[in-house]
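Novice: Quick one: this structure, given as structure tokens, is what I'll be asking you about.
FYI, it's all coordinate maths here, none of it is from the lab. Quantities reported herein were computed from a predicted structural model and do not represent experimental measurements. Every residue, glycine among them, receives a Cβ derived from its backbone with ideal geometry; neighbour counts consider all protein chains shown.
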């Protein structure tokens, strides 16, 4: 009789323990570890987490800021991750005000967060000028599957041939990143929607084109208008960089006001960096407003990913001065041979609006298969973030120069 009572008490304790387990421990189904192509390199393979997605509006500040959020999630019912992201308004002059842009991806809307591995490092993604965070869903989804929380603010600038919003957004963008970090702190607070999910002391910023410029600012780079004037002096307005010189130089005083300065400064402007930002990933990032001295302020790990055929931000205005002037002990450069600017954006299948308006180049590349390029970007970005944000020794080893050998990729690195 006594042994039977002991048996039932033991069974009851097992059942109690099972029901007390967090949902993450019972959710044993994990995504298949595949890349965008069968030949995907190791860190381009899908991570062990399902991907959740939600949005928030940051009301503080001079305008509402929409932020997209990807995070490790639970999927106990095994739902398909196919998602149609919220439609966003057009940001191009001449397009109808009510024209909205669809985009598609692989995530679960408002899925319950997977707290088993929390808190996760934070990655903030900054899109290109007049771009959209959903245009990089292949990367944000992949990073969330690998154990990062990704927040991507929607910078509200508009494109027109004169780049009239460039001066304002040059100042507002780093402030948007600061607001996004504050949002992450609220989300991960005890009463937040992602309570305990985000390690806001371990942050990386990634960005493409003017988002790459934004990432450089958050890494510690500083405005240098004296260097800008020197750079702009010989350039005609029709030059790809010269087109930015006119509005930037004309609005220097207004930019100083937006930055909280009494008047424009000689030499370097104050930094917008945050000590919690431990690394940055810069894709085709512009540097004309930073100069050699402004770039030299960067000493944290930097990953540069660029295309040697970029016609919008040529190497001599982007990757070359960045590589030559930053003072980081840890830096790596991935150059996709002959790739143009849009090699980093979503494919036309997932981000079709450029195709809809006859701009095929906006979601394709004349040389590269985008799935291959995106697998490579996922591989290098994931390894770099695992190394610099989590201390993963295998990821660090994968970035050593003698460990990197991909056709069409020119690679150099220091500190690996």
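Novice: Take the alpha-carbon centre of the stretch 258-276, take the same for the stretch 300-317, and report the distance between them in whole Å.
Specialist: The stretch 258-276 and the stretch 300-317 have Cα centres separated by 25 Å.
Novice: So, one more: What percent antiparallel are the DSSP beta bridges of the stretch 32-414, to the nearest 5?
Specialist: Just about 45 percent of them are antiparallel.
Novice: How large is the helix-only mean residue ellipticity at 222 nm for the chain, computed as the sum of -39500 (n - 2.57) over DSSP H runs with n ≥ 4, divided by its residue count, in deg cm²/dmol to the nearest 500?
Specialist: Only helices count here, giving -9500 deg cm²/dmol.
Novice: Please compute the modelled spin-label separation between residue 243 and residue 186, points set 7 Å along Cα→Cβ, answer in nm with one decimal.
Specialist: 3.6 nm
Novice: Give the span of the stretch 152-220's Cα atoms along each principal axis, as three whole-Å numbers ordered largest to smallest.
Specialist: Here the spans come out as 46, 21, 16 Å, largest first.
Novice: Could I ask something else about it? By how many nm would the segment from residue 403 to residue 158 lengthen if fully extended, with 0.36 nm per residue of separation less the alpha-carbon distance?
Specialist: Gain on extension, residue 403 to residue 158, equals 84.0 nm.
Novice: Please work out the FRET efficiency for the pair residue 116 and residue 327, using the Cβ-Cβ distance as r and a Förster radius of 25 Å; give the result to the nearest 0.05.
Specialist: 0.05
Novice: Distance between the C-alpha centers of the stretch 198-214 and the stretch 54-92? Whole Å please.
Specialist: If we compute the Cα centre of each part, the gap is 17 Å.
Novice: So for the stretch 38-164, what are the equivalent ellipsoid semi-axes in whole Å, largest first, each being the square root of 5 times an eigenvalue of the Cα gyration tensor?
Specialist: Over the Cα atoms of the stretch 38-164, the semi-axes work out to 28, 16, 14 Å.
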